[in-house]
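The values are calculated or read from the model by the stated rules, or taken from the named source; none is laboratory data. Quick caveat: nothing in here was measured; it's all calculated off a predicted structure. Heads up, the Cβs are rebuilt from the backbone with ideal geometry, glycines too, and the neighbour counts pull from every protein chain shown. Remember, those area values only see protein heavy atoms, side chains included, never the ligands or the DNA or RNA. Shrake-Rupley method; radii C 1.70, N 1.55, O 1.52, S 1.80 Å.
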Amino acid sequence: MRFYQADPRLENYWRGVILFGKNVASYKFALAHALYDLKQQDNDLITLEALAVPFVRHLCAHLRHAPKQITSKSSEFLEACRQFNAGEINEELLIAITVKRGFANVIDAFHNVNYAEIDKRFFLDERRSHKGIRLTDNFYQLTENEHFASLVEETDARWRLVEEAWAMNVSRNLIAVDYDDNDKMLFSRQSGRRVTITSCRSSLNGYQKGLCFYCFRPIGVAGGEENLADVDHFLPLMLSEQIGNLNGVWNLVLACQTCNRGAQGKFARIPAITLLQRLHDRNEYFINSHLPLRETLIRQTGNTPQLRHSFLQKNWSTAKFALLHEWQPASQGGSLF
């Protein structure tokens with residue numbers, strides 16, 4: 001798919017798995033987190049027993065705040081996780097059940113995106129020959145990448161977004177994902193109650209491939225990073241009276257601090273029309289992702305690519321008429337969106 005073909009770095013193949021792989025259960029996210037935890041250098045073989053420990057620990061932790069972790073009505077494996085959380089079974093039994101039932105589909109399906117396997121494998125399935133999986137050089141290179149900390153944050157953000165969609169029962173109802181500029185978090189509303197979902201930075205970063213939307217400088221999303229991204233409104237928030245829903249995901253991008261608030265930064269100017277196409281492309285990545293920002297964006301911006309492009313063009317023209325001045329920074333890297 002174009003997402004990683006346009007920029008075939010390992011981290012973008014990994015992001016393809018996390019962002020675009022089909023979700024019928026949260027096991028893929030738990031497996032990704034287990035692999036993050038088990039990035040051992042001395043032995044690339046991970047037995048199912050060793051893999052089961054962090055895998056089920058992450059699932060049990062998420063079950064405590066999000067009871068729905070699968071789209072089917074029931075799961076014997078998840079029921080065992082719930083029993084462990086309730087103190088009804090011990091860890092030894094839970095690990096045994098995880099080895100037997102927890103990996104039935106997720107290992108086979110992990111590398112599948114859009115009904116085909118990606119070109120880069122991060123582990124090999126050796127359950128029959130060695131009762132485990134074997135990490136590849138691709139995975140070790142991934143862990144040494146400057147974006148690795150961001151990948152961990154992105155995976156958890158994606159997991160929380162999917163949980164929230166399932167918690168609302170039907171994904172098409174997840175249309176009120178909004179942004180709070182004070183705490184930089186995405187939230188939704190259920191029965192009039194605000195529910196904080198996850199970090200806005202972590203949710204957006206993967207779709208921008210860890211780069212500033214405007215100039216393509218590398219950015220980070222983990223707290224304390226020197227290049228910590230700013231969340232920016234592509235069309236300035238001061239136009240809220242003329243343009244609706246500017247806090248919607250469709251209008252939020254991650255920018256480096258230089259572009260957002262440096263001496264030659266964007267501030268209240270309108271990004272150049274060439275950058276509008278980039279916003280459309282970024283939003284289409286959302287649309288081609290499964291749950292749940294896809295449904296949010298379709299409801300906010302249109303049912304077809306043509307309607308969504310017209311939506312952006314109309315709002316950009318309104319903004320240009322109101323604020324007049326365009327802005328575009330010098331590129332600090334190649335256009336890899």
Some residue of the stretch 58-75 being open to solvent by less than 50 Å² (accessible area, probe 1.4 Å) and more than 22 Å from Leu161 (Cβ to Cβ): no
Members of the stretch 1-10 that are outside any loop (DSSP other than H, G, I, E, B), under 11 Å from Val113 (Cβ atoms) and open to solvent by 10 Å² or more (accessible area, probe 1.4 Å): Tyr4
Count - residues of the stretch 12-38 that are closer than 26 Å to Ala116 by Cα and not in a helix (DSSP H, G or I): 6
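Answer yes or no as to whether Asn227 is among the polar types (S, T, N, Q), under 22 Å from Asp183 (Cβ atoms) and open to solvent by 20 Å² or more (accessible area, probe 1.4 Å). If you could, list the steps in order and put the result at the bottom.
Working: among the polar types (S, T, N, Q): yes; under 22 Å from Asp183 (Cβ atoms): yes; open to solvent by 20 Å² or more (accessible area, probe 1.4 Å): yes.
Criteria met by Asn227.
Would you confirm, using the coordinates I've provided, whether Ser199 is modelled with pLDDT under 80, at positive phi, surrounded by fewer than 23 Cβ atoms within 10 Å (Cβ to Cβ) and among the polar types (S, T, N, Q)?
Details: modelled with pLDDT under 80: yes; at positive phi: no; surrounded by fewer than 23 Cβ atoms within 10 Å (Cβ to Cβ): yes; among the polar types (S, T, N, Q): yes.
The answer is no for Ser199.
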Flag for Val152 being in contact (Cβ under 8 Å) with a residue 60 or more places away in the chain and either touching a Gly at 6+ places or on another chain (Cβ under 6 Å) or of a type outside the set (Gly, Ala, Ser) (or both): yes
Yes/no for Phe84 being in contact with a Gly (Cβ under 7 Å, 6 or more places away or on another chain), among the aromatic types (Phe, Trp, Tyr) and either in a helix (DSSP H, G or I) or surrounded by fewer than 13 Cβ atoms within 10 Å (Cβ to Cβ) (or both): no
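From the list Asp42, Asp37, exactly one residue is in contact (Cβ under 8 Å) with a residue 12 or more places away in the chain and open to solvent by 40 Å² or more (accessible area, probe 1.4 Å). Which is it? Give the derivation first.
Numbers: Asp42 fails: in contact (Cβ under 8 Å) with a residue 12 or more places away in the chain.
That would be Asp37, the only listed residue that is in contact (Cβ under 8 Å) with a residue 12 or more places away in the chain and open to solvent by 40 Å² or more (accessible area, probe 1.4 Å).
Here are some residues: Tyr140, Tyr115. Which one is hydroxyl-bearing (Ser, Thr, Tyr), out of contact with any Asp or Glu (no Cβ under 7 Å at 6 or more places or on another chain) and at pLDDT below 90? Step through it out loud before you land on a result.
Working: Tyr140 fails: at pLDDT below 90.
Being hydroxyl-bearing (Ser, Thr, Tyr), out of contact with any Asp or Glu (no Cβ under 7 Å at 6 or more places or on another chain) and at pLDDT below 90 holds for just one of Tyr140, Tyr115, which is Tyr115.
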Selection within the stretch 232-253 - open to solvent by less than 10 Å² (accessible area, probe 1.4 Å), outside any loop (DSSP other than H, G, I, E, B) and farther than 18 Å from Ile287 by Cα: Leu239
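Filter the stretch 105-125 for residues that are under 19 Å from Ala30 (Cα atoms) and either open to solvent by 60 Å² or more (accessible area, probe 1.4 Å) or not aliphatic (A, V, I, L, M) (or both) and give the result. Steps first, answer last, please.
Step one: of the stretch 105-125, the residues under 19 Å from Ala30 (Cα atoms) are 105-113, 121-125.
Asn105, Asp108, Phe110, His111, Asn112, Arg121, Phe122, Phe123, Leu124, Asp125 - these are the residues of the stretch 105-125 that are under 19 Å from Ala30 (Cα atoms) and either open to solvent by 60 Å² or more (accessible area, probe 1.4 Å) or not aliphatic (A, V, I, L, M) (or both).
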Condition met for Glu79 (open to solvent by 10 Å² or more (accessible area, probe 1.4 Å), in contact (Cβ under 8 Å) with a residue 24 or more places away in the chain and acidic (Asp, Glu)): no
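Okay, residues lined up against (1) without any contact (Cβ under 8 Å) to a residue 24 or more places away in the chain; (2) open to solvent by 30 Å² or more (accessible area, probe 1.4 Å); (3) among the aromatic types (Phe, Trp, Tyr):
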| residue | (1), (2), (3) |
| --- | --- |
| Asn12 | no, no, no |
| Arg15 | no, no, no |
| Val24 | no, yes, no |
| Ala32 | no, no, no |
| Leu48 | no, no, no |
| Leu51 | no, no, no |
| Phe55 | no, no, yes |
In the stretch 150-188, the residues that are modelled with pLDDT of 70 or more, open to solvent by less than 50 Å² (accessible area, probe 1.4 Å), in a helix (DSSP H, G or I) and over 16 Å from Leu63 (Cα atoms): Ser150, Leu151, Val152, Glu154, Thr155
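If I ask for residues that are part of a loop (DSSP other than H, G, I, E, B) and either touching a residue at least 60 places away in the same chain (Cβ under 8 Å) or in contact with a Pro (Cβ under 7 Å, 6 or more places away or on another chain) (or both), which ones from the stretch 119-149 would you list?
The initial filter retains those residues of the stretch 119-149 that are part of a loop (DSSP other than H, G, I, E, B), namely 119-122, 131, 136, 144-147.
The answer is Asp119, Lys120, Phe122, Lys131, Thr136, Asn145, Glu146, His147.
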Odd one out for Phe139 among (1) crowded, with 16+ Cβ neighbours inside 10 Å; (2) more than 30 Å from Pro8 (Cβ to Cβ): (2)
